[in-house]
Each structure stands twice: as C-alpha cells, then as structure tokens.
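Structure record follows, encoded as structure tokens.
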Amino acid sequence: MRAIEMARAHASFTTTVEIECENLDMVREAVEAGADIIMFDNMTHDDMAAAIELIDGRAKTECSGNVDASNIRALADLGVDYISSGALTHSAPILDLSLKHLRLLDGK
C-alpha cells in the first residue's frame with residue numbers, strides 16, 4: 001500500500017500506522033503492506049474472525065462500528081486487541097460550554 005510507504009517515509013520511526021478496513025480484501029492488502037494496526041470497520045462477526053486468522057499475529061487488530069453493550073462480549077471473544085465504541089459518546093446528552101452569556105462580575 002503506497003499510503004503506508006509514504007507515512008513511514010515522513011514520520012518518526014516510532015509512529016504507528018493504523019489502516020481502517022471494510023472487507024477481507026482490504027485486510028489482506030493492509031497486512032501485506034505492513035500496517036501496525038488493522039481496524040475492522042462495520043465488518044460482520046464472521047468476516048472479523050476470518051480477518052484475524054488472515055492476519056495471524058502480524059498486526060494488532062481493532063474492531064469498530066456498531067459496538068455497544070449488547071455485542072461487546074462477542075467481539076472481545078474474537079480475540080481482537082482493541083475495541084472502539086462510539087456508543088459511549090453518541091448517546092451522551094449535549095452540554096453547551098460556550099461563553100456567549102459570559103458577563104463581567106462588576107456588571108460592566
């Protein structure tokens with residue numbers, strides 16, 4: 001993958017390269033290119049299991065997309081290294097921290 005080569009050419013040797021993949025063809029390409037972490041984005045449980053087998057320890061793995069309390073155990077049981085869940089922030093209520101109503105204490 002040319003993108004990984006370019007990232008490594010311009011980044012520090014300590015930089016971790018993570019590639020987001022949506023299918024097994026993308027996973028295959030990412031592992032062959034030497035990605036450090038391969039993220040499975042909205043992939044099925046069966047496809048993630050196949051991807052982990054394909055990677056065979058050559059990269060760390062992360063699953064993301066549609067992760068919540070109802071399916072996190074099944075995802076963890078796959079053996080992925082990391083699990084990302086936007087459900088934690090997507091469901092949080094909004095808190096407006098703007099300063100548009102800020103007034104000086106002396107009333108001026």
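What follows is calculated from the coordinates using simple rules that are stated; it is not laboratory data. Note that the coordinates shown come from a computational prediction; the quantities given were computed from them, not determined experimentally. Here the Cβ positions follow ideal geometry from the backbone for every residue, glycine too, while neighbour counts run over all protein chains shown.
In plain terms, the chain from ILE83 to ALA49 could stretch by 10.8 nm, reckoned as 0.36 nm per residue minus the Cα-Cα distance.
Were the residues from ILE72 through ASP56 laid out at 0.36 nm apart, the gain over their Cα-Cα distance would be 3.6 nm.
The modelled label-to-label distance between LEU95 and THR15, using points 7 Å beyond Cα along the C-beta direction, is 3.5 nm.
Hey, fewest Cβ within 10 Å first, where do SER98, SER84 land in order? If you can, show how the numbers build up before the last one.
Working: SER98 6, SER84 15.
Listing SER98, SER84 from fewest to most nearby Cβ atoms yields SER98, SER84.
Can you tell me which of GLU29, GLU53, GLU18 moves the most in a GNM of the chain? Springs connect C-alpha atoms under 10 Å apart. With Cα springs under 10 Å in the chain, the top fluctuation among GLU29, GLU53, GLU18 is at GLU53. The charge dipole of the chain, taken about its Cα centre with unit charges on the Cβ of Lys, Arg, Asp and Glu (plus for the first two, minus for the last two), comes to roughly 740 debye. Can you tell me how the chain classifies by the Cα gyration tensor, rounded, prolate or oblate, using a/c under 1.5 as the rounded cut? The shape class here is oblate.
Amide H to amide H distances under 5 Å link GLU20 with MET39, where only residues 5 or more positions off or on other chains count and H is placed in the peptide plane. Have a look at SER85, SER70, ILE19 and report the one farthest towards the positive end of the charge dipole of the chain, computed about the Cα centre with Cβ charges (Lys/Arg +1, Asp/Glu -1). Selected residue: SER85. Going from the residue with the fewest nearby Cβ atoms within 10 Å to the one with the most, ARG2, ARG8 rank ARG2, ARG8.
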